[in-house]
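**Q** Can you keep this structure in mind? I'll have questions shortly.
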Amino acid sequence: MNNFDLGIQGLHLCFGLVLLLVLNYFWCSYRVDVYRQMLFDIRDELFDIAREYLNFEDSDYRALRQQLNAEIRFAHKTNLLRLIALIGLVPKYSDCFHEYRSLWERLIGKIENPDVRERLQAMRERASQLTADRIFSTSMPPLYVLLKLSVYFRGTAIASSDALEVQAAQVDDVESRLAPTHSEVAAA
């Protein structure tokens, strides 16, 4: 592999990274919209349950609804780095996780119908999975870039070792042509 080929591969890598950054911008905004819409769906389902089985003035229902509204409002700021910083730097934020869990449990405990309780359990699981998906999907683009770079450098290393093998074979071929044959050695 010569310098021209390496230059073409480098250009291809740069083009791929720029394309990746552009697509990442649109992908991230799309993922925020999907996350918000799914939280809207959970909040609407919670509203339907509260209409039939709870009082709208119930403090746990109102607190959970406010929590869901906050998640919807700040969906664009939800990511892995903020989560790590908040858990590590702000101890009271850890208490918010426990309060959120206990809020769901208290609300589920107020419902007597087992089918509705299962629906609320499923909603809680879905909300947790959505948040986890949102947090880890925001950390994937940097991992993807690292993967792309590792493939590039691995490909360059493989191409370089292939080039060395070809050069070694050419050297062996030249040496075999230049080496005297048995008949030439015997004659001398």
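**Q** Specify which of the listed residues (87, 8) is in contact with a Ser or Thr (Cβ under 8 Å, 6 or more places away or on another chain) and free of Cβ contacts under 8 Å to residues at least 24 places away in the same chain.
**A** After ruling out the rest, the residue left standing is 87.
**Q** Just one of 35, 30 is modelled with pLDDT of 90 or more and of a type in the set (Ser, Thr, Tyr); which is it?
**A** Unique residue meeting the criteria: 35.
**Q** Further, regarding this structure: Go over the candidates 66, 37 one by one and state the one that is without any contact (Cβ under 8 Å) to a residue 24 or more places away in the chain, part of a helix (DSSP H, G or I) and farther than 17 Å from residue 104 by Cβ.
**A** The match here is 37.
**Q** Taking the conditions exactly as written (in contact (Cβ under 8 Å) with a residue 12 or more places away in the chain and more than 15 Å from residue 134 (Cα to Cα)), does residue 24 satisfy them or not?
**A** Considered against the rule, which asks whether it is in contact (Cβ under 8 Å) with a residue 12 or more places away in the chain and more than 15 Å from residue 134 (Cα to Cα), residue 24 comes out as no.
The values are calculated or read from the model by the stated rules, or taken from the named source; none is laboratory data. Predicted, not measured: the structure shown is a model, and the values here were computed from it. Here the Cβ is made from the backbone with ideal geometry for all residues, glycine too, and neighbour counts use every protein chain on show.
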